[in-house]
Amino acid sequence: MTRSGQLEAPAPAGVHSSFAEAVLTLTLSHPGKRNSLTTRMYAQLADAIARAAGDDSVRAVVIRGDDDGGGFAAGTDIASFADFSGAADGLAYERRVGEILSALQDLTVPTIAEVRGAAVGAGLAIAASCDIVLAERGAVFGAPIARTLGNCLPAPVIARIAARMGPARALGMLLTASLVPAEDLVATGFVTRLAEPGQLEELTETTLRGIRRSAPLTLRAVKETVRRIEAATPIPDNEDLLALCYGSDDFAEGVSAFLGKRHPHWKGTP
């Protein structure tokens, strides 16, 4: 509220960058929308990752959600899908997001997802694309698209999630459109370490101290070795299945229902 008594305009959605002690911190911020990512935010995230890749002074990258947003990231802002006219738009969107996730995974320095609240949809994909996931108790992870939008995740994203939390856990999460507590994902390795409420930033800093004390070339070599191991198993293409979902009446209904705050009526036909 301003001094004149008028309501202040909400802060614009964006990805805010800060750099200190060799660490680049990227904050996903979309107040009032649980830090859901807009088209502009994806572009800003891509630019920030590209800058980090070309800056030798960066020793680590941390991705977090703005505290005012109420979580890590609640996926893509559904309003971004309102103008989609068919499968081609859906495939173009998934390819663009896929390029950003690949660039994040290809960074040669350690990457950390600092998760408080919900990491859903694209938020889950971003967290899974980081090397280390630090989560506060009460955080949840998932992609309830079968219940909300009626689209599908690209094969590389599903493969990454399944590799991190186990195929059975990932399949169950996706088929039941459920959110999995961070506490349940520590044993799977998806969540690297768990923080008590109010201690997440301290845990992040402790982790960063260990990274700063480590030999940069060793960390780079370890990351590249793991990348080569993962690349040894080709990931099949599923663009035909993405097109099936994005081109369906169900997807259009899912977007309309979400924006209209009602339950979708699925038809189940292409």
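The values are calculated or read from the model by the stated rules, or taken from the named source; none is laboratory data. Because the structure is a prediction, the values reported are computed rather than measured. Every residue, glycine as well, gets a Cβ built from its backbone with ideal geometry; the counts of neighbours run over all protein chains shown. Accessible surface areas use protein heavy atoms only, side chains included; no ligands, DNA or RNA. Shrake-Rupley method; radii C 1.70, N 1.55, O 1.52, S 1.80 Å.
Restricting the stretch 251-270 to residues that are in contact with a Gly (Cβ under 8 Å, 6 or more places away or on another chain) and under 17 Å from Ser80 (Cα atoms), which is most open to solvent (accessible area, probe 1.4 Å)? Lay out the reasoning, then the answer.
Quick first cut of the stretch 251-270, residues in contact with a Gly (Cβ under 8 Å, 6 or more places away or on another chain) only: 251, 253-254, 264, 266, 270.
Still in the running and under 17 Å from Ser80 (Cα atoms): 251, 253-254.
Details: Phe251: 8, Glu253: 38, Gly254: 0 Å².
Among them, the one singled out is Glu253.
Among (1) at pLDDT 95 or above; (2) over 25 Å from Met173 (Cβ atoms); (3) not in a strand (DSSP E or B), where does His16 come up short?
Evaluating His16 over (1) at pLDDT 95 or above; (2) over 25 Å from Met173 (Cβ atoms); (3) not in a strand (DSSP E or B) leaves (3) as the failure.
Listed here are the residues, each with its yes/no results for (1) modelled with pLDDT under 95; (2) within 24 Å of Arg147 (Cβ to Cβ).
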site	(1), (2)
Gly69	yes, yes
Ala73	no, yes
Ala82	yes, yes
Ser102	no, no
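Yes or no: Pro270 under 22 Å from the mean Cα position of the chain (by Cα), part of a loop (DSSP other than H, G, I, E, B) and farther than 26 Å from Ile63 by Cβ?
So Pro270 does not fit the description; no.
I'd like to check something: does the stretch 9-26 contain any residue that is hydroxyl-bearing (Ser, Thr, Tyr), in contact with a His (Cβ under 6 Å, 6 or more places away or on another chain) and within 18 Å of Ala128 (Cα to Cα)?
No, there is no match, as no residue in the stretch 9-26 is hydroxyl-bearing (Ser, Thr, Tyr), in contact with a His (Cβ under 6 Å, 6 or more places away or on another chain) and within 18 Å of Ala128 (Cα to Cα).
Sort out which residues of the stretch 32-70 are closer than 13 Å to Leu101 by Cα and loosely packed, with under 15 Cβ neighbours inside 10 Å, and write them in order of number.
Passing the criteria: Ala43, Asp47, Ala50.
If Ser80 meets every condition in (1) in contact with a Gly (Cβ under 9 Å, 6 or more places away or on another chain); (2) surrounded by fewer than 21 Cβ atoms within 10 Å (Cβ to Cβ); (3) of a type outside the set (Asp, Glu) apart from one, which number is that one?
Single failed check for Ser80: (1).
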